[in-house]
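See structure below.
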Amino acid sequence: MWNRRYVGGYFSVEAALVLPAVLGVYLFLIAVLLVQYDRCLLEQDLASMLVKTSNHPGTPRQQLEYLQELTAAWDREQYLWIQLQSPHFTIQGQQIRLEAAGEYKVPVYGSLTNIGGPHRLELTFRLYNWDRTALARMLAGLD
């Protein structure tokens, strides 16, 4: 008459234990990927500033002022996870050096382990700004 099938309660117990662990791993991976995205974006911003500064005609002091203008116009709101600090830049002879740092936290596991942070991300770029004529002569072997 009644054809009932009984299912054991072990499935709901397994789901209650496994599902939060899987979701925790997904959240951790998303946080790590957002930090990686911000790191790539920071590298591109710094490289762009350096190339623009190296192409700026003028003395090293004028290039430094131009780099300060670029840094002041730098949009720090586009970063999703990293809290950036003010960059440090120097121009010495033919070398332009730009350093930037930021901090980030991994909030998913912050209360469970000590990997929550804050973690520090530091990037340093150096660009040698050669005079184009002198560089061409050096590469051609004329000097």
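The values are calculated or read from the model by the stated rules, or taken from the named source; none is laboratory data. Note that the coordinates shown come from a computational prediction; the quantities given were computed from them, not determined experimentally. Cβ: placed from backbone, ideal geometry, glycine included. Neighbour counts: every protein chain shown. Please note that ligands, DNA and RNA were not included when accessible areas were found on the heavy atoms of the full protein model with its side chains. Shrake-Rupley method; radii C 1.70, N 1.55, O 1.52, S 1.80 Å.
Residue separation of Gln44 and Glu103 scaled by 0.36 nm, minus their Cα-Cα distance, works out to 19.5 nm of gained length.
Take the Cα of Ser86, step 7 Å toward its Cβ, do the same at Arg5, and the gap between the two points is 7.0 nm. In the assembled protein chains, Tyr10 presents an accessible area of approximately 150 Å² (probe radius 1.4 Å). A viscosity of 1.306 mPa s and a temperature of 10 °C, combined with the Kirkwood radius over Cα pairs in Stokes-Einstein, give a translational diffusion coefficient for segment 3-79 of 93 µm²/s.
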